[in-house]
1. From the residues in segment 157-179 that are under 18 Å from the mean Cα position of the chain (by Cα) and farther than 23 Å from Glu136 by Cβ, which one is surrounded by the fewest Cβ atoms within 10 Å (Cβ to Cβ)?
2. Would you point out which residue out of Ala33, Ala10, Ala17, Ala6 is under 21 Å from the mean Cα position of the chain (by Cα), small (Gly, Ala, Ser) and farther than 21 Å from Pro113 by Cβ?
3. Taking segment 255-270 as the search range and keeping residues that are touching a residue at least 60 places away in the same chain (Cβ under 8 Å) and of a type in the set (A, V, I, L, M), which one is surrounded by the fewest Cβ atoms within 10 Å (Cβ to Cβ)?
4. How about segment 229-248: which of its residues are more than 13 Å from Gly277 (Cβ to Cβ), open to solvent by 30 Å² or more (accessible area, probe 1.4 Å) and not acidic (Asp, Glu)?
5. State the number of residues belonging to segment 223-262 that are under 21 Å from the mean Cα position of the chain (by Cα) and among the acidic types (Asp, Glu).
6. Looking only at segment 271-288, which residues are open to solvent by less than 20 Å² (accessible area, probe 1.4 Å), modelled with pLDDT of 95 or more and farther than 19 Å from Asp132 by Cα?
7. Considering only residues that are among the aliphatic types (A, V, I, L, M) and either open to solvent by less than 20 Å² (accessible area, probe 1.4 Å) or more than 20 Å from the chain's Cα centre (by Cα) (or both), which ones fall in segment 289-308?
8. Search segment 113-138 for residues being outside any loop (DSSP other than H, G, I, E, B) and hydrophobic (A, V, I, L, M, F, W, C), and hand back the single one that is most open to solvent (accessible area, probe 1.4 Å).
Amino acid sequence: MGDRIAVTGATGLVGRAVVADLITRHHEVVVLARDPGRARNAIPGAADYVAYQQEHEGDWARLLTSVDAVVNLAGAPLFRPFTGRRYFRKVTRQRVEGTRHLAAVLRSAARPPRLLINASSVGVYGFGPPSDEVVEEDTAPLQGRHAPGSLAWETEASQVAPSTRVVLLRMGYVLSADGGGLPYQLQQARNGKAAYFAPGTQWLPWIHLADVVNFVAHALAEEHWRGAYNLVAPQEVQSRQFSETLAGVVQADPPRPTPAVLARLFVGAGADIILGGRRVVPARLTQAGYKFIHPDLHGAVQACAQAG
């Protein structure tokens, strides 16, 4: 038997895949979920399913004294169509406050876990006008409303006991056949509606779900891995190239440009994310010699299209 690992956010796209992989690797997985029954149906095979509400301590807090590691993936998606700044503030507040409470419980545990793997995103660097500046883990963030919330999220995750190693997952756009935005984009391309928001030169840091899952497994095993990692693929692509790749994979017509103003109209507050993407690279993963399962976009999209 491997480690005893508690996972929050286990019913989300990334969480489901992470839990399934950990079970396959013979770890004892404890799923912390708002609705344990729903979680049991969605992701069978875990050792236990425990009710979890970030704002209230309960059995989950006591359970964390007996685990070797915690994978915290809890939190609603920040990007969602037709949302305003109020939604952004709400989700950011939930992420920060929830992680603060979790870290406090881990810090006060009689036997703190040796590892906390905490979700984050490339939003920690902020979003801005198209630029070719390479963004590594030590790059300073741009000013704006996105970076402070992400930085606060990471800061709270770091407030654990000194004996607990912390690994932060600064994820890019996750590609999967099982959820997220890619299945919709592929269907739009098949229907001849592939498009990108002008100017198309904004960067789109991406990662295949299989590499997110594989990274978590590596972070558990590699005791010297700590701190923030850019969880993005090594192939850097811009928005137009991304859409052209999708269309090429499904043998559809080339994508058409869409005026940026429509992103503000239909996507709302999330428009900054798709209009201001930065050139984020996996500097620390490259230095660590990590071998990506899907290093190139065409292969990653093709794998998703075939599995969907």
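1. Asp178
2. Residue meeting the stated conditions: Ala17.
3. Leu262
4. Of everything in segment 229-248, those that are more than 13 Å from Gly277 (Cβ to Cβ), open to solvent by 30 Å² or more (accessible area, probe 1.4 Å) and not acidic (Asp, Glu) turn out to be Pro234, Gln235, Gly248.
5. Residues flagged as under 21 Å from the mean Cα position of the chain (by Cα) and among the acidic types (Asp, Glu) within segment 223-262 amount to 1.
6. Across segment 271-288, the qualifying residue is only Leu285.
7. Leu297, Ala300, Val301, Ala305, Ala307, listed by residue number.
8. Val134
The values are calculated or read from the model by the stated rules, or taken from the named source; none is laboratory data. Everything numeric in this text was worked out from a predicted model, so none of it was measured. Here the Cβ is made from the backbone with ideal geometry for all residues, glycine too, and neighbour counts use every protein chain on show. Please note that ligands, DNA and RNA were not included when accessible areas were found on the heavy atoms of the full protein model with its side chains. Shrake-Rupley method; radii C 1.70, N 1.55, O 1.52, S 1.80 Å.
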